[in-house]
Amino acid sequence: MQKAVLLKAVLAELENELRMLTEAANTARDEATNEESRAEDRFDMRSQSAAYLAAGQAKMAGETADAITAYRSLPTKTFTEADPIATGALVVLQSGARKSYYFLGPQRGGLEVTVEDKTVIVVTAASPLGHQLLGRRVGDTVTLPGRPKPVEHTVVRVE
């Protein structure tokens with residue numbers, strides 16, 4: 001999998017998210033400042049609720065914009081089997097016959113993108129899995145939650 005294609009997919013997902021959050025924040029702000037949202041009595045909280053919603057969505061949009069900046073400035077280092085896993089690494093884990101793909105990103109863990117028919121999950125160093133992956137190499141194992149008990153996965157490739 002080409003890391004440049006993966007980063008492009010992550011950026012596209014983040015830019016789409018930013019567009020939706022910006023639209024939602026603008027809509028909530030318009031609702032909060034609309035004359036029809038003016039309080040009819042002291043218990044009417046419509047405009048105040050809309051203002052809180054707009055502020056929260058604007059904050060989320062700002063965080064997403066920061067993530068876009070972080071991904072745009074992320075170097076596309078190619079990792080070898082001897083390199084320890086670090087931010088910017090695409091990691092392939094295997095348990096039995098099942099392979100899982102993870103990208104150790106600078107921000108926005110939990111994001112999922114599909115590249116070359118493979119689903120890649122973005123994790124950060126702050127997440128439990130990201131923390132386990134940092135410094136590991138091909139052949140090392142990590143433990144992921146599973147049913148009914150945790151499951152060991154082996155690092156089979158780092159790109």
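Key figures
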| item | result |
| --- | --- |
| Filter result (assigned to a loop (DSSP other than H, G, I, E, B) and surrounded by 11 or more Cβ atoms within 10 Å (Cβ to Cβ)) within segment 112-129 | E116, T124, A125, S127 |
| Failed item, numbered, when E63 is tested on (1) at pLDDT 90 or above; (2) over 16 Å from the mean Cα position of the chain (by Cα); (3) not in a loop (DSSP other than H, G, I, E, B) | (2) |
| Residue check for V138: under 21 Å from the mean Cα position of the chain (by Cα) and at pLDDT 95 or above | no |
| Flag if T119 is over 18 Å from the mean Cα position of the chain (by Cα) and among the polar types (S, T, N, Q) | no |
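Residue by residue, here is whether (1) assigned to a loop (DSSP other than H, G, I, E, B); (2) without any contact (Cβ under 8 Å) to a residue 60 or more places away in the chain; (3) in the same structural domain as T22 (by TED's automatic domain parsing); (4) closer than 21 Å to M1 by Cα holds:
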position	(1), (2), (3), (4)
Y52	no, yes, yes, no
Q57	no, yes, yes, no
E81	yes, no, no, yes
Q94	no, no, no, yes
K99	no, yes, no, yes
G110	yes, yes, no, yes
H131	no, yes, no, no
G139	yes, yes, no, yes
K149	yes, yes, no, no
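The values are calculated or read from the model by the stated rules, or taken from the named source; none is laboratory data. Every value quoted in this text rests on a predicted model; they were computed, and no experiment measured them. Note that each Cβ is placed from the backbone with ideal geometry, even for glycine, and that neighbours are counted across all protein chains shown.
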